[in-house]
Amino acid sequence: MNHEAEKLVYPTTREEEAAVNAAFDGFIEEIFACPSCGWIASRREDAEVSD
Amino acid sequence: MQSDRPLFVPVILGTPRRGRMSENAARLLHAIVEKRRGVETELIDVATLGIPVDDAGESAKDEAFSEAMNRADALVIVAPEYNHGYPGLLKHVLDTNLKEYVHKAVGVVGVSAGIFGGARVIQNLIPVLRELGLVTIFWDVNFTTVGTRFDESGKLLNESFLPRIDMFLDELLWMAETLRYGREHVTIGASP
């Protein structure tokens, strides 16, 4: 998977508030793309990859 | 740079209203995209998606819509202008996804009963698309006075729209191809 983008996401739920990085007032969603099939997956910074 | 995989460019019909005149525009765009070599498409009607209106984000996702967005390389959004804005359901549907859109191309087809051809809905929609990670192009298609543009069977009455649609698609497909290469091969932060 190619790591091609990072998106700052502002929290909208209590669960997301718990994951906030104080430097950004939100959390970073890392976006990955498969070089073979193009499938997109993402994960929160320092979290497991999910799709 | 070109991939062997065809580009996937779905057309989203962005209004559920009865009597919507945008449907003719969406069907026309879909038929034209379908004829492009190396491109696959699908007409997605927001009226038929089973997305709840009392929830948002991941929990409100429609699986088929999300898969289509994940597979997409570019989107064509056909949006009528309602009181200078976009249809509420179109915004709600778009908001159910995020990662699926990032660094993908989008072109907007504005539709209105008056002379501005959806110019104001396009201007209002662009900041939303940017926040979703989509990359807008600078060609639009504007269906002015849409009530006069199609006959009762949905056939386009004024062929002067066709070259504009071709120019719009030329740029959209260029952007789609370019962004696909970037997504799959260029790593963020790797440049010196």
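Taking the criterion of being within 14 Å of chain A (Cβ to nearest Cβ), assigned to a loop (DSSP other than H, G, I, E, B) and of a type in the set (A, V, I, L, M), would at least one residue in the stretch B:151-158 satisfy it? No, because not a single residue in the stretch B:151-158 is within 14 Å of chain A (Cβ to nearest Cβ), assigned to a loop (DSSP other than H, G, I, E, B) and of a type in the set (A, V, I, L, M). A:ALA23 meets each of the listed conditions (1) small (Gly, Ala, Ser); (2) without any contact (Cβ under 8 Å) to a residue 12 or more places away in the chain; (3) within 21 Å of B:ALA56 (Cβ to Cβ) apart from (3). Total residues in the stretch B:161-192 satisfying the condition of being open to solvent by 50 Å² or more (accessible area, probe 1.4 Å) and either in contact with a Ser or Thr (Cβ under 7 Å, 6 or more places away or on another chain) or more than 14 Å from chain A (Cβ to nearest Cβ) (or both): the figure is 8. Exactly one residue out of A:GLU15, A:GLU4 is touching a residue at least 24 places away in the same chain (Cβ under 8 Å) and of a type in the set (Asp, Glu), and it is A:GLU4.
Looking across the stretch B:107-122 at every residue that is touching a residue at least 60 places away in the same chain (Cβ under 8 Å) and open to solvent by less than 20 Å² (accessible area, probe 1.4 Å), the one that is farthest from B:GLY14 (Cα to Cα) is identified as B:GLY107. What about B:ARG149, is it more than 26 Å from B:MET69 (Cβ to Cβ) and open to solvent by less than 50 Å² (accessible area, probe 1.4 Å)? Yes; evaluated as a whole, the condition is true for this residue.
Within the stretch B:105-121, count every residue that is farther than 19 Å from B:LEU173 by Cα and outside any loop (DSSP other than H, G, I, E, B). Result for the stretch B:105-121: 4. Filtered by the rule that a residue be part of a loop (DSSP other than H, G, I, E, B) and open to solvent by less than 70 Å² (accessible area, probe 1.4 Å), the stretch B:123-142 gives B:LEU132, B:GLY133, B:LEU134, B:ILE137, B:ASP140.
The values are calculated or read from the model by the stated rules, or taken from the named source; none is laboratory data. Just so it is clear, the model here is predicted, and its values are computed rather than measured. With ideal geometry, Cβ positions are generated from the backbone for all residues, glycine too; neighbour counts draw on all protein chains shown. Calculation scope for accessible area: heavy atoms of the full protein, side chains included, ligands and nucleic acids excluded. Shrake-Rupley method; radii C 1.70, N 1.55, O 1.52, S 1.80 Å.
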